[in-house]
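Quick notes on the structure that follows.
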Amino acid sequence: MPTNYPQLNTMKKLVLFVCLLAAVACTNAQTQPQQFVPPAYIPEYKILTTDSVYVTPANLKKDKGTVIIYFAPDCSHCQRMMFELKPHLKEFKNVQVIMITFVTNQAIKAMKTFARDYGIDKYPNFTIGTEGYTYKVQQFYHVATTPYLAFYNKAGKPVKYIAKEPKTEDILAAVKKL
């Protein structure tokens, strides 16, 4: 019984070539991830404030720009951002700032301390609250790290998103455009 070894070697080479081609195709497909762009509207949220009151987008004033800041009270980047913004909080007087965090064991206490430490509690246009276990805002923006900032004009249309550690001058420039 004669065997056909040359044909078997050709088949092995063909299978190896197809496998390598598939591996290269999969590798190239993952080299350039798409940058996420949130929908062009303010997300639905329901946050519990430091006053134990629930606030939603229905509470927003229609004639003012809005800044949404997704943060964590114990985040060092969030603390640094607020430390640098503290002398400039008066520049936010014409916008409403909604600061949203996720639930922690002592969320209300941590938010109150954060608001007091950075002077937020002195500005009525700042609202600080937790979205609890819903994570709707976090999922809406695909927040990977905090702080995350979203700027909306008076019509509620997005002007800018900052998904990495923000620079004070970038935040202030975006606020002036609202």
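With respect to the numbered conditions (1) among the polar types (S, T, N, Q); (2) in a strand (DSSP E or B); (3) modelled with pLDDT under 95, which one is the sole condition not fulfilled by residue 127?
Of everything listed in (1) among the polar types (S, T, N, Q); (2) in a strand (DSSP E or B); (3) modelled with pLDDT under 95, residue 127 misses just condition (3).
Checking the condition closer than 21 Å to residue 57 by Cβ and not polar (S, T, N, Q), which residue from 157, 122 passes?
157
Look at residue 97 and say whether it is outside any loop (DSSP other than H, G, I, E, B) and in contact with an Asp or Glu (Cβ under 7 Å, 6 or more places away or on another chain).
In short, no.
Can you confirm whether residue 63 is acidic (Asp, Glu), exposed (fewer than 12 other Cβ atoms within 10 Å of the Cβ) and at pLDDT below 95?
Yes: the conditions hold for residue 63.
Output the residues belonging to region 81-100 that are in contact (Cβ under 8 Å) with a residue 40 or more places away in the chain and surrounded by fewer than 18 Cβ atoms within 10 Å (Cβ to Cβ).
Of everything in region 81-100, those that are in contact (Cβ under 8 Å) with a residue 40 or more places away in the chain and surrounded by fewer than 18 Cβ atoms within 10 Å (Cβ to Cβ) turn out to be 84, 88, 91, 94.
Any residue in region 148-161 that is in a loop (DSSP other than H, G, I, E, B), in contact (Cβ under 8 Å) with a residue 24 or more places away in the chain and crowded, with 18+ Cβ neighbours inside 10 Å?
For region 148-161, residues in a loop (DSSP other than H, G, I, E, B), in contact (Cβ under 8 Å) with a residue 24 or more places away in the chain and crowded, with 18+ Cβ neighbours inside 10 Å: absent.
The values are calculated or read from the model by the stated rules, or taken from the named source; none is laboratory data. Source: prediction; values computed, not measured. Don't worry about glycine lacking a Cβ; one is built from the backbone with ideal geometry, like all the others, and counts go over all protein chains shown.
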